[in-house]
Amino acid sequence: MGINYLYPPFEIIRNQDRCIACRVCERQCANLVHHYDEDKKRMTADESLCVNCHRCVSLCPTRALKIVKTDHTFKENANWKTEVIEDIYRQAQSGGVLLASMGTPKEYPVYWDKMLINASQVTNPSIDPLREPMETRTYLGKKSAKITRDGEGRIITSTTGQLKLDIPIMFSAMSYGSISYNAHKSLAMAASELGTFYNTGEGGLHKDFYQYGKNTIVQVASGRFGVHPEYLNAGAAIEIKMGQGAKPGIGGHLPGSKIGEDISATRMIPLHADAISPAPHHDIYSIEDLRQLVYALKEATRYTKPVIVKVAAVHNISAIASGIARSGADIIAIDGFRGGTGAAPARIRDNVGIPIELALASVDQRLRQEGIRGNVSLVVGGSIRSSSDVIKAIALGADAVYIATSALVALGCHLCRTCHSGKCNWGIATQNPELVKRLNPEVGSQHLVNLLTAWNHEIKEMMGGMGINSIEALKGNRLMLRGIALHETELKILGIAHAGQ
Amino acid sequence: MKRIYVNEMWCLGCHLCEYYCAYANSGIQDMVKALKDKQIQARITVEQRGTISFAVNCRHCTEPLCIKSCIAGAITSKDGVIVIDQSRCVLCYSCIMACPYGALMPAREGVMQKCELCTTNSQGQPACIQGCPNKAIVFEER
Amino acid sequence: MDGCHQRIPLEGAFRNSSGCAISGIIDRSGKRFTAREAITSISVMHDRSNGLGGGFAGYGIYPEYKDYTALHIFYYSSEAKRACETFLEEHFDLINLSKIPTKKHPAITDVPLIWRYFVTALPTKLSFSQLDEDEYTARCVIRINREIEGAYVFSSGKDMGVFKAVGFPEDVGEFYMLDEYEGYSWTVHGRYPTNTPGWWGGSHPFSLLSYSVVHNGEISSYDANRRYIEMYGYACTLQTDTEVITYMIDYLHRRMGLTLEEVSHVLAAPFWSTIEQKEPKEREEYSYLRNTFASMLITGPFSIILGFKGGLMALNDRLKLRSLVAAEKAGRVYFASEEAAIRVIEPEPDRLWYPSGGKAVIVTLDSMQEGEEHGHQLSVSAL
């Protein structure tokens, strides 16, 4: 076995005075951390197996448990930090690419936290959402460029497909496979109740979920898993996934171990075969190819459904977005580099792409400069964590936002970032039936509905404070934002003034 | 009448319901004090085989065989809730023989005990419901 | 915009908000009258202004030049005037030019050069540009205002003119000797800016082509509106609400061909809950307009009076967060921020009412054909 250079990162602190040895920790840990010592008549733990997911901590009825970071240390070194050294040990042992999950934990600037929101004082009134209507309804899709009238002079009101959102927040793509059946069901149920949309991700649509079709966005990704005419027509919109914020430029890999019967049927691939999504779409090597796919999908759905093109935020994102806006797509979704993933090479997740705030600001500005902002709606994702992030995104120019990590956290995810292990103790990122059943969709969907209802209340409060009573008057309203502790270039890209200006 | 129902689809076999039940019926304020180092005597039991688990407690039958079988008249129906007067129980085990669910069991005090929907303790509503982490146990009218 | 005049930042260098007084009168018979009543009306609302801006728009005032665009221009230097006139000569036939007559007034100081030109687009240039005449003129005006430092076109319509200055509006009226002009409608504005340097161009009405807007309020949707309308070639150099509102009206009415009523359904769109209660056909139209022009919805308090060729339109924000009163007497219709400002010139109107929030009141000359203004018009009696 050789020498193990890695010391467990966590310690499990059990207050033996409080532990009643009910063994729920033992029963609920898929990593087999806890066990009952018959001789000593007490619980013990092997912390080397612990991923710090808090399942045991949350279920312990007497709060006898907590997980702490170990104080075991290397000799302090600002350059060769603990994780740097440990990654080298791991790779020296395995010879492999380091895998990671969820959004990057690295300390990059979070621009949401460096923007402040305005409010009315004296010269115009704030509006009380409890007393006055406060509208958060949003339509996504291409806006007509000119008015046409019939013989009687009435405006012809036909539009290409539009998505109607009661709140400007949608659940972004997470495939059935990367997350569980019950997680998917929770999202579908919540989207229906909230009047918004969830996204199948690239794994096809389970036959049970066709009933949620009018609140579903079906995705077409490079692997084309589960894509067939019925699927394309099942949803309210189709999303072409060109990239993902957490891993721009690479594809995906769902290991065969996760391809059980249901997933195999849904994805239309053999049982236990690895599902590998190529890095690019092999029929899209350029923008004109994208246009062909956009129209192929429109043809397949008889021009009734808007087409979304989802791209990762990369350096020349505004030029890319400009190209997409002219490709026939109705909606552009941009995924920032802090966005989550079920599995990605750690180096890519932590180093490739740009923050969504900057990508959004530059894309919105670029599309306006070119006079084509009305051609498309903009949806952004990649770590939208709260209602104030939503407000800031819309004020920068987004039509709506995508959330995924926030939704998973509402379902119980504790961001332990070991989705790729397949042993999610919260029943989210796993296909093990024993673990999947831990997420009761009735409970899960209620949490999601609660979360977005709460956010919507907060959005309305903040809008009212600004004297804005319709979300469309907030869109691109950058005067409502001020930067704090940002330098000139950042302010210029964000298109906002500094606080005090 | 509202009864306790269990959906085995969501029962995780975590056994927390048993502990919350034992605590609720212990009459002690502190869970640790009530349960630490004790063999618990819960009125709900998780039945488990393989990957299926299922918490079982009194069904509060409309035609309760336990009442019929009780030789001491200790078991009665109070507005549909089947309760046991432990002062009258003579520990003949007739009810155990009669109940098809195994919902009655001896208590530590040497008499029988059963789920009384937490109507006789200070919980207000069944503790197993509140303690279930996955809403597998529900208390509802059906 | 021009660095010639001010120590503190100029209008347009920052976002400027103001409270205000507005008033408007129209004689539907087309009978022309002087600005005297407008002056009297606005003077009642003296306290709603603070002396940092006032102005008038009169329609039907240049009948002898009614086919020519009347450009009113402020110059802050003779270089600016030379540069601007060179530009004008390159793009227009100048039919007549003169200083706009003014009278010295103790309260009106720092007076720039104020010139008036009656022009028509050079036919060769116009056809080369492949634009219609209005669009050609509008682009020239926007270009002068953006590019020629020290020159500012503040009126560019036909048979109409804007007269504005830094001062109280009643003084501005005297300064421009508006007793000597006669028009079929007048609007007037008194400004209460919260942080203005007091630049003449920044006073209101704001005007483009024959549209002029007087506005009271501070809109919270400003930057959403501005960033959207700037996609279509407009440059919001003044950063005022009135400017962006005028551009949106120009875009929707002139360029998109919406009727003024439809324009009001965009700018002050009803709430979705209200739209949903309408008859199916109407509901579709309202939804379509609101969705298509979502970024032109105005939120926050405003009351505006739009002057256009042959009429006036008064519009409140949909919550009616600013006062606006309307009245009617014989062939005349009055609008003002306060009832007193109407009563002072018409003590006994036949009818006086407070238009509901978001509901446009559109008044046109009797001589205008039904639908002459791109389709369906409400006559005031139908309201």
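The values are calculated or read from the model by the stated rules, or taken from the named source; none is laboratory data. Bear in mind that the values here come from a model prediction, so they are computed numbers and not experimental data. In this analysis, Cβ positions are derived from the backbone assuming ideal geometry, glycine residues included, and neighbour counts consider all displayed protein chains. Each accessible area value is taken on the protein alone, full model and side chains, heavy atoms only, with ligands, DNA and RNA left out. Shrake-Rupley method; radii C 1.70, N 1.55, O 1.52, S 1.80 Å.
What distance in nm separates the simple spin-label points at A:ILE484 and B:VAL111, each placed 7 Å from Cα in the Cβ direction?
6.4 nm
Per residue, how big is the convex hull of segment C:158-266 when only Cα atoms are used? Give it in Å³. Kindly include the intermediate steps, with their values, before the conclusion.
Details: hull volume 12.8 nm³, N = 109.
In segment C:158-266, the Cα convex hull volume per residue is 117 Å³.
Tell me the trypsin sites (Lys or Arg not before Pro) within segment A:25-79 that lie in a loop according to DSSP and have at most 11 other beta-carbon atoms within 10 Å. Spell out each step's value before the answer.
Working: sites: A:ARG27, A:LYS40, A:LYS41, A:ARG42, A:ARG55, A:ARG63, A:LYS66, A:LYS69, A:LYS75; in loops: A:LYS40, A:LYS41, A:ARG63, A:LYS75.
Sites meeting the loop and neighbour criteria: A:LYS40, A:LYS41, A:LYS75.
Of the listed pairs A:LYS146/A:LYS214; A:LYS41/B:LYS33; A:LYS40/B:LYS36, which have alpha-carbon separations greater than 20 Å here?
Working: A:LYS146/A:LYS214 28 Å; A:LYS41/B:LYS33 17 Å; A:LYS40/B:LYS36 14 Å.
Over 20 Å Cα-Cα: A:LYS146/A:LYS214.
Pairs of Cα atoms under 8 Å, at least six residues apart: use those to get the relative contact order of segment A:111-213, whole percent. Please list the in-between numbers first.
On the way: 97 pairs, mean separation 23.1, N = 103.
In percent, rounded to a whole number, it is 22.
How shielded is C:255-262 by partner chains, expressed as the average number of their Cβ atoms within 10 Å of its Cβ atoms? List each step's numbers first, then the result.
On the way: counts 2, 4, 5, 2, 2, 0, 0, 2.
Partner Cβ neighbours, averaged per residue: 2.
Measuring with a 1.4 Å probe in the full set of protein chains, what accessible area per residue, in whole Å², belongs to segment B:60-114? Walk me through the numbers on the way to the answer.
On the way: 3080 Å² over 55 residues.
Ligands and nucleic acids excluded, the figure is 56 Å² per residue.
List, in the order given, every pair from A:LYS207/A:LYS305; C:LYS31/C:LYS103; A:LYS298/C:LYS281 whose Cα-Cα distance in the structure shown is over 23 Å. Before the final figure, lay out each step's value.
Working: A:LYS207/A:LYS305 20 Å; C:LYS31/C:LYS103 26 Å; A:LYS298/C:LYS281 27 Å.
Result: C:LYS31/C:LYS103; A:LYS298/C:LYS281 exceed 23 Å.
Enter the mean number of other protein chain beta carbons within 10 Å of the beta carbon of each residue in A:18-28, as an integer. Each step should come with its number before you reach the end.
Details: counts 4, 3, 12, 4, 10, 3, 7, 1, 1, 6, 5.
Across the residues of A:18-28, the mean count of other-chain Cβ atoms within 10 Å is 5.
Per residue of B:17-29, what is the mean number of Cβ atoms on other protein chains within 10 angstrom of that residue's Cβ? Provide the component values of the computation, followed by the final result.
Values: counts 0, 1, 6, 2, 0, 2, 3, 0, 0, 0, 0, 0, 0.
Whole-number average of other-chain Cβ neighbours for B:17-29 is 1.
For a quick protection proxy, order the peptides B:24-35, B:68-79 by their average other-Cβ count within 10 Å, most packed first. Write down the numbers at each step before the final one.
On the way: B:24-35: 16.2, B:68-79: 14.8.
Highest mean packing first, the order is B:24-35, B:68-79.
Under 17 Å from a point 7 Å along the Cα-to-Cβ line of A:LYS214: which residues of segment A:136-159 have their amide N that close?
Within reach of a label on A:LYS214: A:138-140.
Could you tell me the convex hull volume per residue, in Å³, taken over the Cα atoms of segment C:54-153?
Details: hull volume 11.5 nm³, N = 100.
Per residue, the Cα convex hull of segment C:54-153 comes to 115 Å³.
Restricting to Cα pairs below 8 Å that are 6+ residues apart, what does the relative contact order work out to for chain C? Please round to a whole percent. Provide the component values of the computation, followed by the final result.
Details: 920 pairs, mean separation 93.4, N = 383.
Worked out over chain C, it gives 24 percent.
Check the straight Cα-Cα distances from A:LYS460 and name the aspartates and glutamates below 13 Å, setting aside those fewer than 8 residues away within the same chain.
Within reach: A:ASP128, A:GLU132, A:GLU135, A:ASP166, A:GLU472.
Could you please put C:SER155, A:SER126 in sequence from largest to smallest accessible area, using a 1.4 Å probe?
Values: C:SER155 0, A:SER126 70 Å².
Solvent-accessible surface, decreasing: A:SER126, C:SER155.
What shape does segment C:220-334 have by the C-alpha gyration tensor, where a ≥ b ≥ c are the square roots of the eigenvalues, rounded means a/c under 1.5, and otherwise prolate means a/b greater than b/c and oblate the rest?
Working: a/c = 1.44, a/b = 1.04, b/c = 1.39.
Note, shape of segment C:220-334 comes out rounded.
At a Cα cut-off below 21 Å, give the lysines reachable from A:LYS247, other chains included and same-chain residues fewer than 8 away excluded.
Filter leaves A:LYS106, A:LYS258, A:LYS310.
Restricting things to alpha carbons, find the Rg to Rh ratio for the protein assembly as shown using the Kirkwood radius for Rh. List each step's numbers first, then the result.
Values: Rg = 36.0 Å, Rh = 33.0 Å.
Dividing the radius of gyration by the Kirkwood radius yields 1.09.
Nearest-5 percent of antiparallel DSSP beta bridges in segment A:170-498? Don't skip to the end; give the middle numbers.
Numbers: 3 of 30 bridges.
Approximately 10 percent, going by the DSSP bridge assignments.
Find the eigenvalues of the gyration tensor of the Cα atoms of segment B:60-114, then list the square roots of 5 times those eigenvalues as equivalent ellipsoid semi-axes, largest first, in whole angstrom. Write down the numbers at each step before the final one.
On the way: eigenvalues 50, 29, 20 Å².
Output for segment B:60-114: semi-axes of 16, 12, 10 Å.
Tell me which residues come under 5 Å, amide H to amide H, from C:LEU209 once H is placed; ignore anything under 5 positions away on its chain.
Answer set, sorted by chain and number: C:SER156.
Could you give the nm distance between label points at A:ASP289 and C:GLU282, where each point is 7 Å from its Cα heading toward the beta carbon?
Each label point lies 7 Å from its Cα, and together they span 5.3 nm.
Considering only protein heavy atoms and a probe of 1.4 Å, how much of the accessible area of the protein assembly as shown is carbon and sulfur, as a whole percent? Spell out each step's value before the answer.
Working: 21040 of 41510 Å².
The computed percentage sits at 51.
Restricting things to Cα coordinates, could you compute the convex hull volume per residue of chain C in Å³? Walk me through the intermediate numbers first.
On the way: hull volume 48.8 nm³, N = 383.
It comes to 127 Å³ per residue, whole-number rounded.
Tell me the accessible surface of C:ASP67 in square angstrom (1.4 angstrom probe, heavy atoms of protein chains only), to the nearest ten.
100 Å²
For A:LYS40 paired with A:LYS106, estimate the spin-label separation in nm (one decimal), with each label point 7 Å from Cα along the Cα-to-Cβ line.
Inter-label distance under the simple model: 4.1 nm.
In vacuum, with every alpha carbon of segment A:406-501 counted as one equal point scatterer, what does the Debye formula give for log10 I(q)/I(0) at q = 0.17, 0.18, 0.21, 0.22 Å⁻¹? Two decimals, please.
-0.84, -0.86, -0.96, -1.01
Would you mind giving the total buried accessible surface between chains C and A, with a 1.4 Å probe and ligands, DNA and RNA left out, rounded to the nearest 100 Å²? Mind dumping the intermediate values first?
Details: alone 15050 and 23560 Å², together 34960 Å².
The C and A chains share an interface burying roughly 3700 Å².
Taking R0 as 45 Å, what's the FRET efficiency between C:LEU352 and A:ALA145 from their Cβ-Cβ distance, rounded to 0.05?
Values: r = 42 Å, r/R0 = 0.94.
Calculated value: 0.60.
For segment A:10-96, what are Rg and Dmax over the alpha carbons, in angstrom?
For segment A:10-96, the Cα-based Rg and Dmax read 16.0, 46 Å.
I'd like to compare C:94-105, A:476-487, A:407-418: which one has the highest average count of other Cβ atoms within 10 Å, and what's the full order after that? Mind showing how you got there, number by number?
Numbers: C:94-105: 12.6, A:476-487: 19.8, A:407-418: 22.2.
Going by the mean number of other Cβ atoms within 10 Å, highest first, we get A:407-418, A:476-487, C:94-105.
Taking 0.36 nm per residue of separation and subtracting the Cα-Cα distance, what length does fully extending A:ALA78 through A:ASN233 add? Don't jump to the answer; show the numbers that get you there.
Numbers: separation 155, 0.36 × 155 = 55.80 nm, distance 5.44 nm.
Using 0.36 nm per residue and subtracting the Cα-Cα distance, I get 50.4 nm.
Taking a ≥ b ≥ c as the square roots of the Cα gyration tensor eigenvalues, with a/c under 1.5 meaning rounded and otherwise prolate when a/b beats b/c, else oblate, which class fits chain A? Let's see the in-between values first.
Details: a/c = 1.70, a/b = 1.46, b/c = 1.16.
Here chain A falls in the prolate category.
Order the following by accessible area, largest value first: C:MET296, B:MET9. Probe radius 1.4 Å; ligands, DNA and RNA are ignored. Please report the intermediate quantities before stating the final value.
Working: C:MET296 0, B:MET9 110 Å².
Accessible-area ranking of C:MET296, B:MET9, largest first: B:MET9, C:MET296.
What percent do you get for the relative contact order of chain A when only Cα pairs under 8 Å and 6+ apart count?
Values: 1064 pairs, mean separation 95.4, N = 501.
Relative contact order here is 19 percent.
Multiply the residue separation of A:THR160 and A:ARG385 by 0.36 nm, subtract the distance between their alpha-carbon atoms, and state the gained length in nm to one decimal. Mind dumping the intermediate values first?
Values: separation 225, 0.36 × 225 = 81.00 nm, distance 3.16 nm.
Gain on stretching A:THR160 to A:ARG385: 77.8 nm.
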